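Single-structure report; data block below.
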Amino acid sequence: MVWRFLRFFLFQFAGAATGYLIHAGLQPLQGAIVGMLVAAALWLIWDLRRGQQLLVWLREGDPTQFPAVGGLWSEVASRTRRLVRSRDKVIVESENRLQEFLAAIQASPNGVVLLDTIGRIEWCNETAADHFGFDPSRDMLQQVGNLVRDPLFAAYQAQGDYTHDVVIPAPRSDSSRPVRLSVHLHRYGEGRRLMMSRDVTMLEQADAMRRDFVANVSHEIRTPLTVLSGFIETLQTLHLDPGDRHRYLGLMAQQAYRMQTLVDDLLTLSRLEGSPPPRMDEWVDVRSLLQQCEQDGRNLSMMMSQMGHVLLFRLDRNCDVAGSRTELLSALCNLVNNAIRYTPTGGTVKVSWSIDPAGDAVFSVVDTGPGVASEHIPRLTERFYRVDRSRSRETGGTGLGLAIVKHVVQRHGGQLHISSSLGEGSTFSITFPASRVRPSRLASLSDSTVVSA
Ligand code: ADP
C-alpha cells in the first residue's frame, strides 16, 4: 500500500518537475501545477483502464484465467477470484452431497417419490418407477393422482390423513401374479409430500399362509379332540360292558395317536425350517436307509390287512448320500408309506435306488394305487393339501407328509418329481445330485441288486 502511494507521489512529482522545466509561456510554478494535474489525469485514465479490464473479466472472462491488471485492481481481481473459487467449491460439494443423497435413495428397496405443493411428481427413484410404472423422463411434473388411479389411493390422498398407509394393487398386478403395494404419504417442507411405497405381496401371502396354517392345525386337532371328549363323556355317564369299554378305549387310543402324529409332523416341519441345512461331510449308507423303509413298509402293509401288498425293493448300486440320516429316512419312508397307504391291498409297490447316466441318484416309488388327477399334482406338497380328505384320515394321514418330503429334498439339493394319472398309479421320485452321492465303502463286500422282494 505504502509502495503504491509512493509510486503515485513519484509520478505526480515527475509531472510537476516536467511542467516546471517546460513551463511553456507560464511561470515555472504554474508549469509545475499544470504538469502535476496532467500527471494526475494520466494516472486516473490508466487506473480506469485497469478497472475497465477487470470489469470485462468479471462480466464474461474465464474465471480460471486471472487478468493481468496491475495496482489496486490486481488485488481486487485476486480477492474476487478467491471468493469465486470458494463459492464454486461450496457448490461442487453441495452437488456431490445431493448426488450421494439421491444415490442412497435410489439404493433404497422402497419406492420414494417427491411431490410438490400441488401433488406433481418432482423426482422418483427407480423402485417407485417400477412399482407405479412411472417413466422418469415423461412423467415428471405430472399429477400423481393422474398416474396412480386406484380409488383407495385417491381417497387417501384427498382425505389428507397420512398417519397410516394404504395398500393398493400395483398397476402391473394381475390375477396370475398379484402385486400389492403399501403406499404412505408424509408431509415435509412447505406443503410438499414424500410418497413411500413398499411391495407387501410376500408379507400378505405369508400372513394369509400363517392364518390358513393356524386354522388348519386347529381344525386337525379339534376333530380328534371332539371324538375323544365324546368317548370320555360316554365312559363317564354309561355303564358299559367290558367288550364295549375295550372297543371305545381302542378308538380313543386311535384318536390320541392321530393327534400325536400330527404334533410330531408339525415339530418335524418346524425343525426343518428352523435348522441350518444338513452338512455335506456326513455320509449315510443307502442300503440301511432302504432296509429301514422296507421294514416300516411291511409292518404298515400288514397292519392294513392280512393280505398285504406286493413290495419290491431294489438297490442297483449301493452308495452313500451326503446329509442327515433322520431327515432322509423320514422323506424316503414317507413316500413308501404313502404308496402303501393309498394302494389297495393286493396292489404292488416298487421301490428302487439307481444311478442315472449323469451320476445323479434316483430314488423312486411306483405304485398301482388310485393315482392323482393332474390338476392336484402341483399342490400335493402344500401343507394339509389332500386330494381325498377322508381317505387320508382313514389311513392315518396328517396332510403334512409330502410337505416334509419337499423340505428334506430341498435341504439336500435334490428334486422331487411326481407323475401320476387317475386310475393308473403314481410315481414319486427324488433325484439327488451327483455331488452328494459316492460309491459305498461297503459296496464291494455286499453289493446286491435286490434288497428284498
Ligand atoms: P397325507 O397325510 O394326507 O397322506 P401327504 O402330504 O403325504 O398327506 O399327501 C398329500 C396328498 O397326496 C394325500 O392326501 C393324497 O391325496 C395324495 N397322495 C400322496 N401319495 C399318494 C399316492 N401314492 N397315491 C395317491 N395319492 C397320493
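In this structure, is GLY51 surrounded by 10 or more Cβ atoms within 10 Å (Cβ to Cβ) and either more than 30 Å from PRO169 (Cα to Cα) or in contact with a strand residue (DSSP E or B) (Cβ under 7 Å, 6 or more places away or on another chain) (or both)?
yes
Consider segment 151-200. How many of its residues are part of a loop (DSSP other than H, G, I, E, B) and touching a residue at least 60 places away in the same chain (Cβ under 8 Å)?
So in segment 151-200, the residues part of a loop (DSSP other than H, G, I, E, B) come out as 160-165, 170-179, 189-191, 200.
Next, only the ones that are touching a residue at least 60 places away in the same chain (Cβ under 8 Å) stay: 190-191.
Of the residues in that region, 2 qualify.
Going through segment 57-83 one residue at a time, which ones are loosely packed, with under 11 Cβ neighbours inside 10 Å and over 60 Å from the mean Cα position of the chain (by Cα)?
Across segment 57-83, the qualifying residue is only ALA68.
When you check PRO136 against the structure, is it in contact with a Cys (Cβ under 8 Å, 6 or more places away or on another chain) and surrounded by fewer than 14 Cβ atoms within 10 Å (Cβ to Cβ), yes or no? Quick ask: steps written out before the conclusion?
Values: in contact with a Cys (Cβ under 8 Å, 6 or more places away or on another chain): yes; surrounded by fewer than 14 Cβ atoms within 10 Å (Cβ to Cβ): yes.
So PRO136 passes the test.
Here are some residues: VAL148, VAL214. Which one is at pLDDT below 95 and touching a Phe, Trp or Tyr at 6+ places or on another chain (Cβ under 8 Å)?
Numbers: VAL214 fails: touching a Phe, Trp or Tyr at 6+ places or on another chain (Cβ under 8 Å).
Going through VAL148, VAL214 in turn, just one is at pLDDT below 95 and touching a Phe, Trp or Tyr at 6+ places or on another chain (Cβ under 8 Å): VAL148.
Within segment 418-438, restricting attention to residues that are away from the ligand (no atom under 15 Å from the Cβ) and outside any helix (DSSP H, G or I), which residue is farthest from ASP388 (Cα to Cα)? Lay out the reasoning, then the answer.
Of segment 418-438, the ones away from the ligand (no atom under 15 Å from the Cβ) are 431-438.
Now narrow it down to the ones that are outside any helix (DSSP H, G or I): 431-433, 437-438.
Values: THR431: 27, PHE432: 30, PRO433: 33, VAL437: 36, ARG438: 39 Å.
Restricting to residues being away from the ligand (no atom under 15 Å from the Cβ) and outside any helix (DSSP H, G or I), the top hit is ARG438.
Look through MET303, MET307 and report the one residue that is out of contact with any Asp or Glu (no Cβ under 6 Å at 6 or more places or on another chain), under 27 Å from TYR257 (Cβ atoms) and assigned to a loop (DSSP other than H, G, I, E, B). Lay out the reasoning, then the answer.
Details: MET303 fails: assigned to a loop (DSSP other than H, G, I, E, B).
None of the other options fit; the residue is MET307.
This table checks each residue for (1) assigned by TED's automatic domain parsing to the domain that holds ARG383; (2) over 20 Å from the mean Cα position of the chain (by Cα); (3) under 18 Å from VAL112 (Cα atoms).
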position: GLY133; (1), (2), (3): no, no, yes
position: LEU141; (1), (2), (3): no, yes, yes
position: VAL144; (1), (2), (3): no, yes, yes
position: ASP161; (1), (2), (3): no, yes, no
position: LEU194; (1), (2), (3): no, yes, yes
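Counting just the residues of segment 268-287 that are assigned to a helix (DSSP H, G or I) and among the β-branched types (Val, Ile, Thr), which one comes out surrounded by the most Cβ atoms within 10 Å (Cβ to Cβ)? Steps first, please.
Of segment 268-287, the ones assigned to a helix (DSSP H, G or I) are 268-274, 286-287.
Applying the additional criterion that residues be among the β-branched types (Val, Ile, Thr) yields 268, 286.
On the way: THR268: 20, VAL286: 24.
In this case the residue turns out to be VAL286.
The values are calculated or read from the model by the stated rules, or taken from the named source; none is laboratory data. As the structure is a prediction and not an experimental result, all values here were calculated from the model. Cβ coordinates were reconstructed from backbone atoms using ideal geometry, including for glycine residues, and neighbour counts include every protein chain displayed.
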